[in-house]
Structures are given as structure tokens and as C-alpha cells.
Amino acid sequence: MKIDYTRAEEYEEIEEVVPDADLEALALRRGISYDTLASAGIRIETEDSWAGGYPIRIPYPTLSGKVWYERLCAWPGSGVLPKYRTPPDVGRHLYNPHLVGPGDSLVWLAEGEFDCLALADVGERAMAIQGTNGFKGVWHHLFAGGTVVLAFDGDDAGVTAAENMKEKLMHKGIRTHVFSPPEGKDLNDLLKGETLADQVAEFKQAIDLR
């Protein structure tokens with residue numbers, strides 16, 4: 001679906017029209033293409049009373065492609081905190097909408113679902129963790145035989161977490177690199193600024209992927 005970006009002004013105060021928001025509005029707000037959001041199964045639901053203030057549904061698929069559960073997200077700019085809600089009794093899991101796994105020669109690991117989708121929007125194979133402390137050691141098997149690029153937020157927590165995780169993954173024999181966004185930025189910010197694709201391309205040229 002091609003988005004009519006001339007309608008962007010309609011969403012300038014999107015927090016005031018969340019009940020009428022749709023996937024096209026979210027694409028405009030996030031800078032991520034409608035097709036990328038749709039292919040990941042992202043949807044908008046405003047009728048669920050349990051999820052008041054959290055209209056965005058982010059499905060977590062199993063390796064068979066079936067939806068395991070949906071994580072809920074507040075609308076960007078709404079001021080709702082915390083920004084995410086996970087169903088009760090559900091722990092942290094890898095966000096892997098495109099079923100990336102062993103056998104992929106290069107995998108990006110982002111901090112958060114929309115950073116993962118920002119990478120997908122520029123053609124990269126990516127998954128994400130739910131925050132800087134969201135990685136479980138057993139997941140390193142997913143990267144066996146490939147190269148991992150850690151791409152966390154450009155803040156102190158993101159930089160520290162990326163360096164610590166790089167050390168742990170390399171200890172497991174996994175080739176690991178760190179991509180660092182500018183201070184205070186994340187991958188979604190770079191996508192909205194139309195610089196992510198170029199920065200990713202330059203980074204891939206600079207690292208040894210052999």
C-alpha cells in the first residue's frame with residue numbers, strides 16, 4: 001500500500017485522535033513503511049478495554065509462524081507510561097517477526113520492536129530484545145555460524161549493554177560487532193531522518209563479513 005504523505009498534517013496531533021488511528025497513521029508517525037508493519041502483523045486495536053491507552057498490537061510469532069502472544073504498545077507521543085504492556089505471566093522473549101535464525105550469515109539485534117522493523121525497512125535481517133536487560137544466554141544458539149550486529153540505543157544504557165553482550169557472544173565463538181547510533185538517537189530516529197540505510201551500508205562495508 002502506498003501512503004499518501006500529503007496527509008501527514010492530519011496526524012500531527014495524533015495523540016488526540018488515537019481512537020481513529022490506523023496502520024497508515026502509525027507508518028507516518030514512525031517513518032516505517034506500511035508494508036513493513038503489515039508484514040510483521042502489526043495492527044491497531046482500540047476496542048479492547050483491558051488495553052486502554054495501548055492501541056498498538058505487536059505479535060510474537062513462534063518458529064512455525066503462529067502468533068504466540070501480542071505485546072501492547074502505547075501510541076507514539078501519547079505520554080502513556082510505561083510504553084509497553086506484556087500479558088500477565090509472560091516473560092521476556094526475542095522479537096523475531098521474520099523468523100531469523102541459524103543459517104543467516106548476518107543478523108542485526110536491536111533494542112525494541114520498532115528498531116527491529118526500522119532495520120527490516122532498509123532490507124536487513126533483524127530481531128530485537130525487550131530492553132537492554134532482555135537477552136537470555138541460551139539465545140546465542142540462534143546466531144551459530146553467522147555474524148551478529150548489536151544495534152542498541154545511543155544512550156549510556158544502550159552502549160554499556162552492547163559492549164557487555166558483545167563480550168559474552170564472542171566468548172561463545174560468535175562473530176559480533178556493535179553499531180552505535182549518535183548520542184540520544186535510536187534506529188527508528190535514523191530511519192525517520194532518512195539516514196539509516198546509508199549508515200547501515202557504510203557500516204557493513206567497514207566490518208569484515210568473511
For this session: Can you tell me which residue within region 42-68, out of those that are closer than 12 Å to Tyr95 by Cα and surrounded by 14 or more Cβ atoms within 10 Å (Cβ to Cβ), is modelled with the lowest pLDDT?
Result: Pro61
Exercise. Would a scan of region 126-139 turn up a residue that is buried (at least 16 other Cβ atoms within 10 Å of the Cβ) and more than 23 Å from Thr86 (Cβ to Cβ)?
Worked result: no
For this session: Mind counting the residues in region 176-194 that are of a type in the set (D, E, K, R) and part of a helix (DSSP H, G or I)?
Result: 2
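For the condition outside any loop (DSSP other than H, G, I, E, B), hydrophobic (A, V, I, L, M, F, W, C) and closer than 23 Å to Pro76 by Cβ, what is the one hit in Ala197, Ala201, Ala162?
None of the others qualify; the one that does is Ala197.
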For this session: Sort out which residues of region 81-100 are more than 15 Å from Ile58 (Cβ to Cβ) and either free of Cβ contacts under 8 Å to residues at least 12 places away in the same chain or β-branched (Val, Ile, Thr) (or both), and write them in order of number.
Result: Leu81, Pro88, Asp89, Gly91, Val100
Seminar exercise, completed: If we keep only residues of region 121-159 that are within 13 Å of the chain's Cα centre (by Cα) and assigned to a strand (DSSP E or B), then the residue nearest to Gly91 (Cα to Cα) is Ile129
For this session: Determine whether region 124-147 contains at least one residue that is in contact with a strand residue (DSSP E or B) (Cβ under 8 Å, 6 or more places away or on another chain), within 30 Å of Ala25 (Cα to Cα) and touching a residue at least 60 places away in the same chain (Cβ under 8 Å).
Result: yes
Seminar exercise, completed: Note on Gly173: of the conditions (1) assigned to a loop (DSSP other than H, G, I, E, B); (2) over 17 Å from the mean Cα position of the chain (by Cα); (3) in contact (Cβ under 8 Å) with a residue 12 or more places away in the chain, unmet is (3)
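The values are calculated or read from the model by the stated rules, or taken from the named source; none is laboratory data. Since we're looking at a predicted model, the values are computed, not measured. When we count neighbours, we look across all protein chains shown, and the Cβ atoms used for this are built from the backbone with ideal geometry, even at glycine.
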